[in-house]
Each structure stands twice: as C-alpha cells, then as structure tokens.
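Okay, so here's the structure we're looking at.
Just so it is clear, none of the values below were taken in a lab; they were calculated from the coordinates. Note that the structure is predicted; figures quoted are calculated from it, not measured. Don't worry about glycine lacking a Cβ; one is built from the backbone with ideal geometry, like all the others, and counts go over all protein chains shown.
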Amino acid sequence: MFRRAFKYRLYPNVEQQQALALQFGHARFVYNWGLATRKLHYREHGKGLGFYALKRLLTQLKRTSEFRWLYEADSQVLQAKLEDLDRAYVNFFEKRSGYPRFKSRKAEQSIRYPQRFKFDGNRIYLPKVGWVKAVFHRPLEGTPKNVTVSKTKSGNYFVSVQCEVEGVTRPHGEGVVGVDLGLKHFAVLSTGEKIDHPQYLRRAERRLKRLQRQLARKAKGSANREKARLRLARRAERVANQRKDFLDKLSYRLASEYHTVRLENLNVCGMLRNHTLARSISDSGWGLFGRMVEYKAACCERVDRFYPSSKTCSRCGYVKKDLQLQHRFWTCPQCKTEHDRDINAAMNIATVGATERDTPVEIASDAVGLRSTRSGRGSRKPNAFTLG
C-alpha cells in the first residue's frame, strides 16, 4: 500500500471564501506562534520543544480570554499546522531543507483536514466551511486519508486528496537512456535525440515586465493595486503551469519508453549563483524534472556531478581535460572520433552505471515500500536501500 494525491479545482462562493480565509489566517497564526515558542524555549532552556508539548500549550492558549477566537477555526486544522512545523524541523535536522521560517499572508495559503470531510457528486464537505463545489476531472482511487485545501496568489482554490491505494505496477519500457540536461537544448538523449528548450519564462518576460511596472505605479493599499497584483500573479502562475506540464509529459514519456533513466546529479542551487545564467536555469526546472522522473520511472539513477561526461570519449574512454564550454564539437586525439558535446555526454551518462561501479550513483525507485537512505552530505558511497 502507498499513498497517492489527486488534485482538483475548487469553486467556493463568497461566504465559503470568507470561511476559508478565517481557517487560513488562524492556521498561519498557530504555525508562527509555534515557531516562535520553540525558538524561545530553545533560547531559554537549551533544548527543543516537541510536538505533543506544543499541542498541550496550544490547548492552554485557546482557553485564555485573549485567544478564544482560535475556537473559530477547526481544531484539527490547527493541530495539523503544528505537525507541519514539526516535520519542518525534522527536515532541517536531516539536512533536507533550511531552518523553518515564519509564514506570510501574501504567500500561498494551505490547510489540511485529516478527517471529517465528505464527497457527494461534484461537491466536497469541509468542516466549518460547508459543501464546496469542485471539478473532479478524474475519479478518486483507493481510500481517502486527508485533504489539503490551498489558495494560490492568483486567488484560485484547489483541493488535494491523499488516498491510500494498492501497489500497481506501471507499464515501463526496456533498456537504458542517458539524459544530459542543458540550456541550449533542455535535454539530449543518448539515442541522439535533442529536445528543444520551451523557454516559457523568456517568452512571457516582456508581458511580465509590463505588469510589474503597472503594479509599481499603483498606490499601496488601493483597489487598483490589488487588481494589478492579481493580473501579475495569474500571468506568473500560467508560466509555472506551462513549465510543469512540459516536464510532466517529458518525464512520463521517458519512464514509459525506458526501464532505466540516468541523470546527472546537478547542484542547481549552486548553479543559480551564476547571475548571468540564473534566469535561464530557473526557467528550466531541472530539479522538478528529476523528482518527476524518480517517482515515475522503474529505475532512476543519478550520476555523480563531477563525472567528466562531456570530456570523456564515449568510444575509447579518453578524457580531454582542456575541453572548454564553448567547444560544442570536438575530435578525440586517440581514436579520431568526432563528437557532438551533448550527445557524447548523454552516451557516457547512459553507460557510466554499467561500466564504472565505483562512481557515486544515487538511485531512486517508485517501488512500494522502498526508500533511499543517505550516509551523509557529500558522501562518496552509493545510496543503500532499506525496506520500510
């Protein structure tokens, strides 16, 4: 058994939008209060504050006359926010993310209902909100466990239903394919195919700049400024949706046609420090693409980022150490083979896992009950697997 999420669009009326705004605001306050309490407790006592201790403090806080308005929100929604805070600390200590930060009302809002939600046709019941109209464009599978309601910056509402489903083997192809990610072409496959970069942000850049200038001219707090903010947010959200759709379709295609997909383990955060290429790198979405391939492909392998895939001859193994970035084509001095830089890199990525087992490789799989364990940041050893 594993859990899978199904995301749908919500269309609440005006009263339901006000009720959801109340839930969002109270949950955000509890999250920020919990973060401030844990930081203060650590500063005074030198040790952390656990989830259950924080939940007991929340109960005492609600009983005080100053914070009795917290009863307006669903109690399980507030407790779920404390669970999110505890998970954020766990991710920080395990070096999967940075230190938790306070949430802003200007960012995307979300709440989670662990139970007491219902489905009826094209509606979903949310406690203290009521029956909200939804568009179920595909049927639910398995047993619903919890629902997460979110509101984007553009004002759109969504609900994500997490269901527990039985493990179903997806149809996968055969063989191995190496993928070299780049800026000129989004991906170059070891088969010689080059996939063009869609550059959605570059195409919408002129329109986004115009909307940003219009927003800057509006008086703060005015209704016209809010309208301009919504126009800008909708345009930016459209670009993000286009990019995600492209990455989703490409990752599904690779997972369907090949059994094993090999990618470079790129340091995207470090590459973004190059301010000349930062915008193009952000527009690529390499990190999201890698995560999509990991859970879709039967086997996804990550090749060490320091492996000289572009400088190594895919035919004889000669390493041309003086190869520069501007050299898109080069000839091997040893076997006289002419190489396209990107295709040669993709071919080396496809074969490195089979020929050099001592090369650090990070492997991920979507098999049920299988999860990777890391031996630490910067480890030179391959990740091991444990059955969970």
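Tabulated data
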quantity	calculated
Simple Cβ-charge dipole of the chain, Lys/Arg +1 and Asp/Glu -1, about Cα centre, in debye nearest 20	2180
Pairwise label distance in nanometres, K227 with K55, each label 7 Å out on the Cα-Cβ vector	4.8
Potential extension, R315-C335 segment - 0.36 nm per residue separation minus Cα distance	6.4 nm
Degrees between helix 14-45 axis and first principal axis of the chain (Cα, 0 to 90, nearest 10)	80
Within the range 209-249: backbone nitrogen closer than 20 Å to the R203 label point (7 Å, Cα to C-beta)	209-212, 232-249
Most fluctuating residue given options S190, S282, S65, as computed from a GNM of the chain linking Cα atoms under 10 Å	S65
Where labels lie 7 Å past Cα in the beta-carbon direction, separation of R279 and F136 in nm	4.5
Inter-part distance where the range 58-93 and the range 261-319 are each reduced to a Cα centre, Å	40
Trypsin sites (Lys or Arg not before Pro) lying in DSSP loop within the range 145-199, provided at most 13 other Cβ fall within 10 Å	K184
Cα gyration tensor shape of the chain, rounded if a/c is under 1.5, else prolate or oblate by comparing a/b with b/c	prolate
The range 14-64: chymotrypsin sites (Phe, Trp or Tyr not before Pro) falling in loop per DSSP and having at most 10 other Cβ within 10 Å	none
Candidates T148, T276, T331, ranked by Gaussian network fluctuation over the chain, Cα under 10 Å, top entry	T276
Mean residue ellipticity (222 nm) of the chain, computed from DSSP H runs ≥ 4 via -39,500 (n - 2.57), nearest 500	-13500 deg cm²/dmol
Set of aspartates and glutamates near K184 by C-alpha distance (under 19 Å), chain-local residues within fewer than 8 positions excluded	E193, D196, E205, E264, D283, D340, D342
For the range 2-165, with +1 on Lys and Arg beta carbons and -1 on Asp and Glu, the positive-most of G98, S65, Q76 along the dipole	G98
Distance from the range 131-158 to the range 188-251 (C-alpha centre basis), Å	23
Cross-link pairs beyond the 18 Å C-alpha cut-off, checked among K62/K151; K153/K296; K55/K81; K81/K103; K103/K153	K62/K151; K153/K296
Label-point gap, in nm, between N265 and N241 - each point 7 angstrom along Cα→Cβ	3.7
